[in-house]
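Data first, discussion second: the structure below is written as structure tokens.
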Amino acid sequence: MKEVLEVLSEPWPWYVSGPLIGLTVPLLLLLGNKSFGISSSFSHICAAVLRPAIPFFRYDWKKEAWNLWFVGGLVLGGVIAANVFPFSQDIEVSNSLKAELVNYGVTRYDTLLPTELFSFEGLGTLRGFLLIVVGGFLVGFGTRYAGGCTSGHAIMGLSNLQLPSLVATVSFMAGGFLMANAILPFILTL
Amino acid sequence: MSKGEVVAEFRKLTDTDPEGRAIDSGLNESRLSLPWWHDIKFLIAGAWFGLLLVKSEVISWFRIQEMFRLQSFHMYGIIGSAVLVGMLSLWIIRRFGIRTIYGEPIVVADKKFHKGNIYGSLLFGFGWAMTGACPGPLYAQLGTGMLVIGVTIISALAGTWVYGLLRSRLPH
């Protein structure tokens, strides 16, 4: 049992976790005809909490409650991962990325997010504010405008051979490349 | 009811919806109305998926930076193999006419192209590279104890709300 826990506590290789992630598509369809997609949950929360005057959020969110249960499960999965199968050592980061990040004062690799950037203290700095608050805003705005995120477009949409999802996937990869290589290096110096 | 009837019903729903909601938010296709506790199975599915996201390091800000800088194959391997398995699964479901556990025919709505697929995705790409997380990982990161990600999630909710507010004025 101890050995099993040790193996599970290591990071799982891509060829194990990738196919398991792909199996979420049939799992949700079999459990009740649900199309895999996570960014919709933001919309359902807006619809549920704000009881809005905005027509876009005027729909029967209760019919989509499964999606909120699912994202609640994601949080729970994070809790289980961190407490039952915690990573036993520093996480893997490529040397070329390490060499780059050290210039911005990022030198710790014991958590999945650099604590130098993502923390409540970091929120008070300009770069922390940009990454956490502005970055989050772009994720919420962009995914809804795009009609989906990595799960809805890249995984579900491409699995279903949808051309709009291919366009979306190429576009968000392009946006990510541009941000990470051209803009982020500047933000990190702030 | 037959699969054709389910599709027709769904088309009617999307066509009569002026805001195109059903296309936008992937509203689900099931016509069953079940008591709330039936949704607990999605909590369990979500927990399993969240565990996967953590253990595969998909929620790692570093992994996302490596992906966008072409410094590691990891994320490409994960997304690529996930899509292949998803495609194969959908093919099998259609080929053998597999139904849900409640006996409903399985229907997946087509996505309709609009300009937001490009503009919105570009903006999401910016956000993905900044936060190092797409929506699923944000929830899982919060679960691992990174409480500051709660702020990111609230910002994402604000972003979604502002999109809803400005929707009619944006190019689609």
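Reducing region A:143-168 and region B:91-143 to their Cα centroids gives an inter-centroid distance of 6 Å. Based on Cα atoms of chain A, Rg over Rh with Rh as the Kirkwood radius reads 0.98. Where a ≥ b ≥ c are the square roots of the eigenvalues of the C-alpha gyration tensor, would you call region A:117-190 rounded, which needs a/c under 1.5, or, failing that, prolate if a/b is larger than b/c, or oblate? Verdict is prolate for region A:117-190. Close amide H partners of B:VAL107, meaning residues 5 or more places away or on another chain with modelled amide H under 5 Å apart, do not exist here. Shown for B:MET87, B:MET130: other C-beta atoms within 10 Å of each C-beta, ranked fewest to most, produce the order B:MET87, B:MET130.
The region of chain A that goes longest without hitting one of the trypsin sites (Lys or Arg not before Pro) in a DSSP loop, each with at most 16 other Cβ atoms within 10 Å, is A:109-190.
Going through region A:38-132, which GluC sites (Glu not before Pro) have at most 16 other Cβ atoms within 10 Å and a DSSP loop state?
The qualifying sites are A:GLU92, A:GLU121.
Going by neighbour counts of Cβ atoms within 10 Å, the residues A:SER40, B:SER168, A:SER159 line up, fewest first, as B:SER168, A:SER159, A:SER40. Taking only the Cα atoms of the protein assembly as shown, the ratio Rg/Rh comes out at 0.96, with Rh defined as the Kirkwood radius. Neighbour counts of other Cβ atoms within 10 Å put B:THR100, A:THR115 in the fewest-to-most order A:THR115, B:THR100.
Going by the alpha-carbon gyration tensor, a ≥ b ≥ c the square roots of its eigenvalues, is region A:1-86 rounded (a/c under 1.5) or, if a/c is not under 1.5, prolate (a/b greater than b/c) versus oblate? Note, shape of region A:1-86 comes out prolate. Peptide A:100-110 has a mean shielding of 1, counted as Cβ atoms of other protein chains within 10 Å of each residue's Cβ. Placing +1 on the Cβ of every Lys and Arg and -1 on the Cβ of every Asp and Glu, with nothing else charged, gives the protein assembly as shown a dipole about its Cα centre of roughly 960 debye.
FYI, it's all coordinate maths here, none of it is from the lab. Not measured: the values here are computed from a predicted model. Neighbour counts run over all protein chains shown; Cβ positions are idealised from the backbone, glycine included.
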